[in-house]
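The values are calculated or read from the model by the stated rules, or taken from the named source; none is laboratory data. Every value quoted in this text rests on a predicted model; they were computed, and no experiment measured them. Cβ coordinates were reconstructed from backbone atoms using ideal geometry, including for glycine residues, and neighbour counts include every protein chain displayed.
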Amino acid sequence: MQKTKYFFIIVGFLYLILITSFTFIYGENLKNFFMNSNISKINELEPFYIATKIECLNSKELKSHPYIMFKDVCVEKATIKGVGKIVNNETFVNTVLENKIVFGQGNGTISTEDGQSISWKSFDANLLKGEYPGYRGIIYFNSTLDHKFAFLNNTVAIYESDSDTIRSIWLWE
């Protein structure tokens, strides 16, 4: 009887860990998990920002010891839903650790052709694989008075960039 009791306690504990891990990975809270049978991964959602081209204008090594640090200045062209074509002026400072993990911090300004803009800051990481490491990160949009970017005022979003997809950004709601 005692062994059965411990068995159910352990199974219940493992079930709780499994549900909590699942809801964390798929971005659902526990209440939504039990009420919503339609759980989607981030890749099944459509991003609001899709980059089409990136050009790095300058890359400079800032430091080589104890970790390699470099700074990249780039211009990215993209499309934002409801806004249209934009230009994203970006600066990233990346730190490469001994285990080939790259941590990056970025900032920049997204602008439209008619002069409206919003600034942002980002933090990301990924393993260095070959020539272009790709990144997964979080981006914080500042406040702006420009109406085209009002939906981004003080919001948080997540993004991914790889060699095959320059950058895609999803709002974190």
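Results, tabulated for the structure shown:
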{"item": "Test: residue in segment 58-65 that is more than 30 Å from F151 (Cβ to Cβ) and modelled with pLDDT under 85", "result": "no"}
{"item": "Condition broken by N99, with the remaining ones in (1) without any contact (Cβ under 8 Å) to a residue 24 or more places away in the chain; (2) of a type outside the set (K, R); (3) in contact with a strand residue (DSSP E or B) (Cβ under 8 Å, 6 or more places away or on another chain) satisfied", "result": "(3)"}
{"item": "Index of the failed condition, S59 passing every other in (1) assigned to a strand (DSSP E or B); (2) small (G, A, S); (3) closer than 17 Å to S168 by Cβ", "result": "(3)"}
{"item": "Filter result (surrounded by 19 or more Cβ atoms within 10 Å (Cβ to Cβ) and over 24 Å from L152 (Cα atoms)) within segment 99-110", "result": "V102"}
{"item": "Residue match in segment 18-37 (condition: more than 27 Å from F141 (Cα to Cα), assigned to a loop (DSSP other than H, G, I, E, B) and at pLDDT below 50)", "result": "yes"}
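Here's the yes/no breakdown for (1) surrounded by fewer than 16 Cβ atoms within 10 Å (Cβ to Cβ); (2) within 25 Å of L45 (Cα to Cα); (3) assigned by TED's automatic domain parsing to the domain that holds P47:
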{"position": "P66", "(1), (2), (3)": "yes, no, yes"}
{"position": "C74", "(1), (2), (3)": "no, no, yes"}
{"position": "T91", "(1), (2), (3)": "yes, no, yes"}
{"position": "L97", "(1), (2), (3)": "yes, no, yes"}
{"position": "T112", "(1), (2), (3)": "no, yes, yes"}
{"position": "W120", "(1), (2), (3)": "no, yes, yes"}
{"position": "L127", "(1), (2), (3)": "yes, yes, yes"}
{"position": "N154", "(1), (2), (3)": "yes, yes, yes"}
{"position": "A157", "(1), (2), (3)": "no, yes, yes"}
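Residue by residue, here is whether (1) assigned to a strand (DSSP E or B); (2) among the polar types (S, T, N, Q); (3) out of contact with any Asp or Glu (no Cβ under 8 Å at 6 or more places or on another chain) holds:
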site	(1), (2), (3)
F70	yes, no, no
V73	yes, no, no
G82	no, no, yes
V87	yes, no, no
E98	no, no, yes
I139	yes, no, yes
L145	no, no, yes
